[in-house]
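Read through the structure below, which is laid out as structure tokens, and then see the notes.
The values are calculated or read from the model by the stated rules, or taken from the named source; none is laboratory data. For clarity, every value in this text was computed on a predicted model and none was experimentally measured. Please note: Cβ atoms are built from the backbone with ideal geometry, for glycine as well, and neighbour counts cover all protein chains shown. SASA here: full protein model, heavy atoms, side chains in, ligands and nucleic acids out. Shrake-Rupley method; radii C 1.70, N 1.55, O 1.52, S 1.80 Å.
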Amino acid sequence: MLETLAPKAPDSLLKIIKMFREDLRREKIDLGVGVYKDATGNTPVMRAVKDAETRLLTNQKTKTYVGQQGDVEFLRLVGELVFGDAGADMVSIQAVGGTGALRLGCDLLRESGAKRVVLPAPCWPNHPSIVRAAGMAPIDAPFFNIGEQRIDMDALLGAFAQLERGDAVILQAVCHNPLGADFSLEQWANLADALNAHGITPFLDLAYQGFGDGIDEDVVGLRAFLARVPEAVIAVSEAKTFGIYRERVGALYVKTAEKARAVVMSNLAAIARANYSMPPDHGAAIVREVLGDAVLRQSWRDELDDIRAHIKRTRTALAAARVNSLPMHLIAAQKGMFSTLPLSEAQVVVLREQHAIYMTDTARINVAGLREADIPRFVEALKAVA
Ligand SMILES: Cc1ncc(COP(=O)(O)O)c(C=O)c1O
């Protein structure tokens, strides 16, 4: 029977990663893969994470199951970090990374009757796959003018007017992947009002808290938005914020009326139970240890501040470059690891083949992957193609 399966196209990013690995040119630059790299090109384990792991190794007494909801103290601490006091009123469940949280949330939306999920384009390429895998239809909505590097609010709000009550929309909370362009407070308010007016459920995706302007600053928009809507689903990833990508740490939070909370929780528990039963413990335990201890928490905040400062320096250096037709100065104002350059696929291929510079086919660059020493060569290569 299995021989009847049709092959699936490999993830386009994995294709780029493989090509980069097999490229023997020493001067090659990897701006494709989406992880933070320090000035030497490494993705280090944060000091607070190492210390937390040492404590866990010493103190952990059992490896028995944690429970259906996952680590409740982890959920409380992350809820506080993201939502402040409002976290206490949310339904929550630990998830297998932010991706797992997105899938749980999509399954929940489908169970509650949603059939379509709007994805402001360009979106994180995994969003449509997750929506489809959950049995719903992804709908593209215009969102961003790449040539001018600006959010097109009129186009996005116009698209909402075409939707039906019960549809949902996935919005990235901060440090948009792949655009680096975030909503202003005014835009968040407009979004909330439009979604309320059309009966569309917001699903927020928070994967880069601390990579934009600061841990607290990065959730100001999200919190203001949530205060304006009666219901929302929020997927949180701690992969980047704690540099624990492979530990698969995430959580799903749901804002809803008090009387609906027990039913929402029971649905989430049932979805998780039939899928992976219980989430992995180690990564969540690390986050719990770090957030729950004043010394580790400060050390983590300090290191995250350094990471953010490094990304900002790279953005500023790029913005200072004069590259013919590219609006490089706008890149500096953007947030987080990614930006998408207004380059054609043909230009991306020339950068790869002639200059050994790797980015996605859609010209997304991981700003955090660009070493200071490589900036002049990157800029010269851009000048040669654009
Ligand atoms: C926008 C966005 N959402 C969610 C995720 C999921 O992260 P993870 O599953 O690694 O926790 C990512 C990871 O790249 C992302 O960029």
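Numbers for the structure displayed
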read-out: Residues located in the range 1-19, provided they are more than 23 Å from the chain's Cα centre (by Cα) and surrounded by 12 or more Cβ atoms within 10 Å (Cβ to Cβ); value: M19
read-out: Count of residues meeting criterion [over 23 Å from the mean Cα position of the chain (by Cα), open to solvent by less than 70 Å² (accessible area, probe 1.4 Å) and at pLDDT 95 or above] in the range 32-76; value: 3
read-out: Matching option when the condition is of a type in the set (A, V, I, L, M, F, W, C), farther than 23 Å from C175 by Cβ and within 16 Å of the ligand (Cβ to nearest atom), among A272, A284; value: A272
read-out: Strands (runs of 3 or more DSSP E) contained entirely in the range 90-143, each with at least 1 residues that are within 12 Å of the ligand (Cβ to nearest atom) and either of a type in the set (K, R) or open to solvent by less than 50 Å² (accessible area, probe 1.4 Å) (or both); value: 91-96, 116-121
read-out: Condition check for P376: open to solvent by 10 Å² or more (accessible area, probe 1.4 Å) and under 17 Å from H176 (Cα atoms); value: no
read-out: Some residue of the range 42-55 being farther than 30 Å from N366 by Cβ, more than 16 Å from the ligand (Cβ to nearest atom) and in contact (Cβ under 8 Å) with a residue 40 or more places away in the chain; value: yes
read-out: Residue that is farthest from the ligand (Cβ to nearest atom) [pool: residues in the range 191-238 that are under 23 Å from W300 (Cα atoms) and among the acidic types (D, E)]; value: D216
read-out: Lone qualifier among A321, A251, A285 - being touching a helix residue (DSSP H, G or I) at 6+ places or on another chain (Cβ under 7 Å), modelled with pLDDT under 95 and open to solvent by less than 60 Å² (accessible area, probe 1.4 Å); value: A321
read-out: Residue tally, condition more than 16 Å from D218 (Cβ to Cβ) and in a helix (DSSP H, G or I), over the range 311-336; value: 11
